[in-house]
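Have a look at the structure below before the remarks.
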Amino acid sequence: MGTTSIPRTSFLQPAAVPGRDELHPDYSNCFALCCTAFGFSRSADFALDKPAGTPCPNLAADFSCGIHDRLRPRGFRGCTVFDCFGAGQAVSQGLFDGVSWRDKPDGRSAMFAAFKIMRQLHEMLWYLAEAEERAFDPETGTAVQELRLAIGSAAKGPLPGLLALDSGTLHQRVRQVLVEVSEEVRAAYFAAGDELDERLQPAADLAGVNLRTLRLCGADLRGACLIAADLRGTDLTAVDLLGADLRDARLEGADLSRALYLTQPQLNSARGNSETRLPGGFEIPANWHGDQDRGETWTA
């Protein structure tokens, strides 16, 4: 067998990835942009229809959520798993100098548009921070760093430049370097002749599948459907989870401390417990404590 993962004998949480301090939401400095700019349709995640650009009916005058402590039982599970990667405060306090869309209604369209773009940029920066930290090849690391600096500069404004940004092209460039770093990291967990189960492929449909008996370290599960998959007690070291759907995935006792490209929204949508090992800088979702009524950390 090839090299496996970091031994599970040490339960110290890894250090947080550098460069992510400003990529966590700060709802005290945001004008509830996630509750206004985006729309949603009535579904298992949302109890009603809400057009984009309109305030959620649960939004209070002070930009707080009126059902903040009971979102899940009231049918707003989707709110508890959302994360803006710090885009809300960056737009509210940075680009708009702390003036809300209520105080300046004629600027609301621009603010909402900027928020949608900013969230994309901040999510890219989230991934790139990890890619820079974990890249082996110096040239790849330099390419990641240059891309981070370019996106970080664009995110600072000015507003017209942000609104005119070609985020689609940026997204393709980011995806390319993320895949390159992923290949480098995952290759370190294999020796000659090592093979993974053929089901473990990018974009694989593994909904509800029991994966507990499979070797997973180094697997590329980018974009895979892992809805309700059983990953209890598994070691996910160097597993590429970029864009993987982890809704209701069973992560109790799993080791995600060195998984690749994990995000807080993915964890918020999954099922886990205090035995689940997380990367540094991540929070244990409130619903993992068995209290399905709590969601205060994850909503505006």
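Taken together, the values in this text are just the output of simple stated rules run on the coordinates, not laboratory data. It should be emphasised that the depicted structure is a prediction, and the values quoted were computed from it without experimental measurement. Counting neighbours? That spans all protein chains shown, and the Cβs are built from the backbone with ideal geometry, glycine included.
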Legend entry - Simple spin-label estimate for Asp97 and Ser43 in nanometres, 7 Å along Cα-Cβ: 3.9 nm
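Given the peptides 163-170, 139-146, 195-202, arrange them by the average over their residues of other C-beta atoms within 10 Å, most packed first. Working shown, then result.
Details: 163-170: 12.2, 139-146: 16.0, 195-202: 13.8.
Per-residue mean Cβ counts within 10 Å order the peptides as 139-146, 195-202, 163-170.
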Inset, instruction - Sketch the reach of a paramagnetic label on Arg175 as a point 7 Å from Cα along Cα-to-Cβ, and name the residues of segment 217-250 whose backbone nitrogen lies under 19 Å away. - result: 220-226, 240-246
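About the Cα centre of the chain, what is the dipole size in debye to 20, counting +1 per Lys and Arg Cβ and -1 per Asp and Glu Cβ, all else neutral?
Working: 30 positive and 40 negative charges, 167 e Å.
Here the size comes out at about 800 debye.
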Inset, instruction - Could you tell me which trypsin sites (Lys or Arg not before Pro) in segment 7-81 are loop residues by DSSP with no more than 15 other beta carbons within 10 angstrom of their beta carbon? - result: Arg8, Arg42, Arg74
Legend entry - Structure-derived Rg/Rh (Cα atoms, Kirkwood Rh) - corresponding label in (1) 1.13; (2) 1.04; (3) 0.98: (3)
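So how strong a dipole does segment 196-285 carry about its Cα centre when Lys and Arg Cβ are +1 and Asp and Glu Cβ are -1, to the nearest 20 debye? List each step's numbers first, then the result.
Working: 10 positive and 13 negative charges, 18 e Å.
The calculated dipole for segment 196-285 is roughly 80 debye.
If packing is taken as the average count of other Cβ atoms within 10 Å, what order do 250-263, 267-280 fall into, highest mean first? Before the final figure, lay out each step's value.
Details: 250-263: 22.6, 267-280: 19.4.
Answer by packing, highest mean first, reads 250-263, 267-280.
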Inset, instruction - Determine ³J(HN,Hα), in whole Hz, for all residues of segment 133-144 in sequence, where each value follows from phi through the Karplus function 6.51 cos²θ - 1.76 cosθ + 1.60 and θ = phi - 60°; x replaces Gly and Pro. - result: 5, 10, 5, 8, 6, x, 5, 5, x, 5, 4, 5
Legend entry - Principal axis box of segment 21-187, alpha-carbon based, largest edge first, Å: 50, 36, 25
Legend entry - Expected 222 nm ellipticity per residue - DSSP helices of 4 or more, -39500 (n - 2.57), all of the chain, to 500: -8500 deg cm²/dmol
Inset, instruction - Putting +1 on Lys and Arg Cβ atoms and -1 on Asp and Glu Cβ atoms, find which of Gly94, His171, Ala110 reaches farthest to the positive end of the dipole of segment 21-187. - result: Ala110
Legend entry - Label-point separation, Thr142 to Glu183 (7 Å along Cα→Cβ), nm: 1.9 nm
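Between Glu22 and Ala150, what length comes free when the chain is fully extended (0.36 nm per residue of separation minus the Cα-Cα distance, one decimal in nm)?
Values: separation 128, 0.36 × 128 = 46.08 nm, distance 1.61 nm.
Going from the current span to full extension adds 44.5 nm.
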Legend entry - Size of electric dipole in segment 133-177: Cβ of Lys, Arg +1 and of Asp, Glu -1, about Cα centre, debye, nearest 20: 160 debye
Inset, instruction - Could I have the simple spin-label model distance between Leu159 and Ala52, label points 7 Å from Cα toward Cβ, reported in nm to one decimal? - result: 1.9 nm
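Sorted by mean Cβ packing within 10 Å, highest first, what order do the peptides 47-56, 237-246 take? Could you put the intermediate results ahead of the total?
Numbers: 47-56: 14.5, 237-246: 23.8.
In descending order of packing, they fall as 237-246, 47-56.
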Inset, instruction - If a/c stays under 1.5 just call it rounded; otherwise compare a/b with b/c (prolate if a/b is bigger, oblate if not). Do that for segment 88-172, with a ≥ b ≥ c from the square roots of the Cα gyration tensor eigenvalues. - result: prolate
Inset, instruction - Report the one residue of Cys30, Leu236, Ala155 whose Cα lies farthest in the direction of the positive end of the charge dipole of the chain (charges on C-beta: Lys and Arg +1, Asp and Glu -1; origin at the Cα centre). - result: Cys30
Inset, instruction - Read phi for every residue in segment 82-97 and hand back ³J(HN,Hα) as whole Hz from Karplus 6.51 cos²θ - 1.76 cosθ + 1.60, θ = phi - 60°, with x for Gly and Pro. - result: 7, 8, 8, 6, x, 5, x, 6, 5, 6, 4, 9, x, 6, 10, 6
